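J.: Take this structure first; my questions come after.
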Amino acid sequence: MSELSVNHLLGIKYITEEDIQLIFETADHFKEVIHRPIKKVPSLRDITIANLFFENSTRTRLSFELAEKRLSADIVNFSAGSSSVKKGESLVDTVNNILSMKVDMVVMRHPNPGAGVFLSKHINASIINAGDGAHEHPTQALLDCYSIRERLGDVAGKKVVIVGDILHSRVALSNIFALQKLGAIVKVCGPKTLMPRYIESLGVTFEPNLIEALNWCDVANMLRVQNERMDISYFPSTREYTQQFGLNKAILDNLGKEIIVMHPGPINRGVEITSDVADSKQAIILDQVQNGLAVRMAVLYLLASKIKRNDN
């Protein structure tokens, strides 16, 4: 397979295992490009990309921007805080204004679940979902799975536990979809109040005990508690959360086996993981950041290839 089955990356649930494998193979190539003395390739020289961030983001926005620059694309950056959205402009109007500048692709983060799907039906450009509310964050799941593949050789058959705030996490949902498509076995662990009611209908098991979960898994993906999405208190205190679900070096060393520790960032050091875990050899957090660049370059390149083919 040489091209994606979709024209947009709206969520992992809309793509196939073959799409994921194609993205990974393309990312392998771009990973080699990233390490060259000249890190730029002309692949997207005639493509214009608008980065629309209606929600705060540092790592994802910078990663996409750098990926676009490495591919020689023209970039329009837009942040809602300093735009006409504050004056009441609608999402479609905002995007149509940007598209009138002849934009080919839109990378969008939005607080409303389904914003990317809505947009894809209203405008004629390729959409990449960079996070829609607590729904999906597909490129994060792709880079997480790519990082597991890089470290363990394959994702199929691996046991992965996702620990923390599953209820508010778009990373958790996208990871569950991607890991299962690639043949991994997934458990979730955290306070019961931070588990969605439908979680077991997704084919994952809930494990309330962190030590049991860690003894079972090959990979632990530690999520942060998303205080900004909470309008009520879901657990008594941060201290209590850390005592029950925080990962420290003593726990890691007592497992009697080596597991991989991941984190999508930003890390609340001392809450979900301690600094000595985050900076340990078992943590692949910085690999995830570097792989995020290669994976996003791959997604941009593959979607742009379809745009160019459709234009011809």
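Coordinate-derived values only; no laboratory data. Keep in mind that this is a model prediction, so the values were computed, not measured. For neighbour counting, all protein chains shown are included, and Cβ atoms are generated from backbone atoms with ideal geometry for every residue, glycine included.
J.: Taking the Cα atoms of the stretch 154-221, report the difference between the largest and smallest coordinate on each principal axis, in whole Å and largest first.
T.: Rounded to whole Å, the extents work out to 32, 24, 18 Å.
J.: Please compute the alpha carbon radius of gyration of the stretch 137-185, then divide it by the globular-protein estimate 2.2 N^0.38 Å. Two decimals is fine.
T.: Dividing the Cα Rg of the stretch 137-185 by 2.2 N^0.38 Å gives 1.05.
J.: Can I ask one more? ARG45 to GLN282: FRET efficiency via 1/(1 + (r/R0)^6), r the Cβ-Cβ distance, R0 45 Å, to the nearest 0.05?
T.: 0.65
J.: Cβ under 13 Å from VAL188's Cβ, VAL188 left aside: what net charge do those residues give with Lys, Arg +1 and Asp, Glu -1?
T.: Charge balance in the 13 Å sphere: 0.
J.: Could you pull out which residues in the stretch 175-213 have an amide N less than 20 Å from a spot 7 Å beyond the Cα of SER57, following the Cα-Cβ vector?
T.: 175-179
J.: By a straight-distance test (C-alpha under 17 Å), which aspartates and glutamates pair with LYS102 as possible cross-link partners, with residues fewer than eight away in the same chain excluded?
T.: LYS102 reaches ASP46, GLU68, ASP74, ASP93, ASP311.
J.: Using a Förster radius of 25 Å, what is the FRET efficiency between LEU255 and LEU66 based on their Cβ-Cβ separation? Nearest 0.05, please.
T.: 0.10
J.: A follow-up question, please. With everything on Cα atoms, drop me the angle between helix 138-152 and the longest principal axis of the chain, reported from 0 to 90° to the nearest 10.
T.: 60
J.: Can you work out the FRET efficiency for the pair ASN77 and ILE38, with r the C-beta to C-beta distance and R0 = 35 Å, to the nearest 0.05? Display every interim value, and only then the final one.
T.: Numbers: r = 24 Å, r/R0 = 0.69.
The calculated FRET efficiency here is 0.90.
J.: On to the next question. What does the extension gain come out to for LYS102 and ARG151, with contour length at 0.36 nm per residue minus their alpha carbon separation?
T.: Result: 13.6 nm gained on full extension.
J.: When a footprinting reagent is the concern and you count Cβ atoms within 10 Å, what order do LYS13, LYS257 take, fewest first?
T.: Ascending Cβ contact count within 10 Å gives the list LYS257, LYS13.
J.: Can you compute the modelled spin-label distance between ASN209 and ASN112, with each label point 7 Å from Cα toward Cβ, in nm?
T.: In this crude spin-label approximation the distance works out to 4.5 nm.
J.: For the stretch 1-49, what mean projected area does the convex hull of the alpha carbons give, in nm²?
T.: 4.3
J.: What do the square roots of 5 times the Cα gyration tensor eigenvalues come to for the chain, in whole Å, largest first, as semi-axes of the equivalent ellipsoid? Don't jump to the answer; show the numbers that get you there.
T.: Values: eigenvalues 217, 101, 59 Å².
For the chain, the semi-axes come out at 33, 23, 17 Å.
J.: What nm distance separates the two modelled labels at SER5 and GLN21, each placed 7 Å from Cα along Cα→Cβ?
T.: According to this spin-label approximation, the distance is 1.2 nm.
J.: To continue, here is another question. Suppose every Lys and Arg Cβ carries +1 and every Asp and Glu Cβ carries -1, with no other charges. What dipole size does the stretch 138-286 come out with about its Cα centre, to the nearest 20 debye? Present the calculation step by step, with values, prior to reporting the outcome.
T.: Details: 16 positive and 16 negative charges, 40 e Å.
Dipole size: approximately 200 debye.
J.: Can I ask one more? Cross-link candidates for LYS13: which lysines have Cα within less than 21 Å, leaving aside residues fewer than 8 places away along the same chain?
T.: In chain and number order, the partners are LYS121, LYS158, LYS159, LYS181, LYS187, LYS306.
J.: Once the Cα atoms of helix 59-70 and of the chain are each reduced to a long axis, what angle between those two axes, in degrees from 0 to 90 to the nearest 10, is obtained?
T.: It is inclined by approximately 40 degrees.
J.: Using only the alpha-carbon atoms of the stretch 46-178 as identical scatterers, what base-10 log of I(q)/I(0) does the Debye formula give at q = 0.13, 0.18, 0.19 Å⁻¹?
T.: Result of the Debye calculation: -0.60, -1.03, -1.12.
J.: Give me the Kirkwood hydrodynamic radius of the stretch 138-286, using the inverse of the mean 1/r over all pairs of distinct Cα atoms, in Å to one decimal.
T.: Hydrodynamic radius (Kirkwood, Cα only) of the stretch 138-286 equals 15.2 Å.
J.: Further question: Given C-alpha coordinates of the stretch 107-174, what is the ratio Rg to Rh with the Kirkwood estimate of Rh?
T.: My calculation puts Rg/Rh at 1.06.
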